[in-house]
1. Out of all the residues in the range A:203-216, which are more than 10 Å from chain B (Cβ to nearest Cβ) and in contact with a helix residue (DSSP H, G or I) (Cβ under 7 Å, 6 or more places away or on another chain)?
2. With respect to the numbered conditions (1) part of a strand (DSSP E or B); (2) out of contact with any helix residue (DSSP H, G or I) (no Cβ under 8 Å at 6 or more places or on another chain); (3) at pLDDT 95 or above; (4) buried (at least 18 other Cβ atoms within 10 Å of the Cβ), which one is the sole condition not fulfilled by residue B:100?
3. State whether the residues of the range B:118-129 include one that is in contact with a strand residue (DSSP E or B) (Cβ under 7 Å, 6 or more places away or on another chain), at pLDDT below 95 and away from chain A (no Cβ under 14 Å).
4. Give the residue, chosen from A:200, A:228, A:266, A:243, that is within 13 Å of chain B (Cβ to nearest Cβ), closer than 21 Å to residue A:282 by Cβ and either at pLDDT below 95 or more than 20 Å from the chain's Cα centre (by Cα) (or both).
5. Checking the conditions here, which among A:129, A:191, A:133 is under 24 Å from residue A:47 (Cα atoms), at pLDDT 90 or above, within 14 Å of chain B (Cβ to nearest Cβ) and within 21 Å of the chain's Cα centre (by Cα)?
6. Scan B:123, B:184, B:154, B:118 and give me the residue that is surrounded by 19 or more Cβ atoms within 10 Å (Cβ to Cβ) and not in a strand (DSSP E or B).
7. Check residue A:324 against each of (1) within 20 Å of residue A:169 (Cα to Cα); (2) within 14 Å of another protein chain (Cβ to nearest Cβ) and name the one condition it does not meet.
8. Would you call residue B:203 under 30 Å from residue A:311 (Cα atoms), within 12 Å of chain A (Cβ to nearest Cβ) and not in a strand (DSSP E or B)?
């Protein structure tokens, strides 16, 4: 199937309850009024690869791509992630079999879904006990190191799906353009952006936003001792804005890290930021389907203009900035 | 720094040769005289770096330019502040003094060219800058107008707004000025102009920067 653009959907399905994306990039479950981050507690994460080839990508090539994907996340400084390839299996990647399986599966009815990740979680602790990833073999795939024209790069999509498997939600650090068949990505600065680059384009390295997210879940004390947070509120006509995308930009390093306002009062907190002054920008969630990012039961407001906060916000080491309020206006 | 010490040593040597020259004035400094001065200062601004917020392009071409989300240009604006100095004459022409300066410069980041047409803004951060150090002064001539040259080093401490983050560094400075003694010549006016070379300073590109510092104030000799 040849497409100008395709969706990557994190089909976040838990057996006991449907997890809600919260905090910024993280997935979680709601426990009463509490939100619990999903994460693996037992390391290494042991996984199988479905022993099924697709044109241009064999099962061993998928194994290698998945191995590189895990290695890329594990290579983020100051995180504790490890994984172990157990072996090939004849099983498909489906939930509930107590085995974490990644593999190809033919799902032609999902004509916008390149890959999907599902979970079995302990809804009390948030521990992920099983996760399965399928790559839709209805699309044309490539495992070639330089990529192949008109074929999706399995390494790029595996890195994204393994990000979900580890507990990351979607990032909105990307710009898109609407066209008749959907959205086309113009640029993105996160592996976890929900819409894939065009076939043949590579996206194989976690960016600052991805790194902040994975570090927030699996970061060591060193990570927490060397970074800080920004907290604040986005308002429109004096009321909180829910679903606003908040970006921090470090003018020294150029690093972009994003988060969302996730409550009715428009508050947000973005962790994992380098100490020092940051620019803060707010934009509506308009570069993808809202359902790709947040619980659609939330009353997401996309009717406002992008805006910058008028002060530089200094992030302290091991601490949180003073709370800021960013007022936006309707379009 | 080493060359500065050599220069200081040379000045000491020269002063010992010239020490017999009389200081004209009813309260001429002698070895052990103290001098205290204070006043206002102006610290020059400097370019603090430029950087754009970039996103990886959706292109199979490795030479495709990144998508620019917005651009930033930063600058630390000129600031006014206060300073105090306490000196002691080690010879009629040479004094050693300790200096403390405080300014509140503003770090300004101008944002423009937003991809989604967000209004351009200049985001600011008001800093607190402290310089504590010492200088060696060599005075020329005598009379009401006393020109001098100076050089020294200091510890630099700068804090961001809310004192949330700290930067420390060192600076060396060289310059000169003039003292104009009034009336009984214990009280005078003092003007200083210095070039302050700072190992670090709050900016988005870390490099040694030279900052112009001008100060004016009163001086009292006792």
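The values are calculated or read from the model by the stated rules, or taken from the named source; none is laboratory data. What you see is a predicted model; the values in this text were computed from it and never measured. Backbone-built Cβ (ideal geometry, glycine too); neighbour counts: all protein chains shown.
1. Those that are more than 10 Å from chain B (Cβ to nearest Cβ) and in contact with a helix residue (DSSP H, G or I) (Cβ under 7 Å, 6 or more places away or on another chain): A:204, A:206, A:210, A:214, A:215.
2. Checking residue B:100 against (1) part of a strand (DSSP E or B); (2) out of contact with any helix residue (DSSP H, G or I) (no Cβ under 8 Å at 6 or more places or on another chain); (3) at pLDDT 95 or above; (4) buried (at least 18 other Cβ atoms within 10 Å of the Cβ), the one that fails is (4).
3. Within the range B:118-129 (the criterion being in contact with a strand residue (DSSP E or B) (Cβ under 7 Å, 6 or more places away or on another chain), at pLDDT below 95 and away from chain A (no Cβ under 14 Å)), the answer is yes, since at least one residue qualifies.
4. A:228
5. Numbers: A:129 fails: within 14 Å of chain B (Cβ to nearest Cβ); A:133 fails: within 14 Å of chain B (Cβ to nearest Cβ).
Answer to the selection: A:191.
6. Answer to the selection: B:118.
7. For residue A:324, the exception is condition (1).
8. yes
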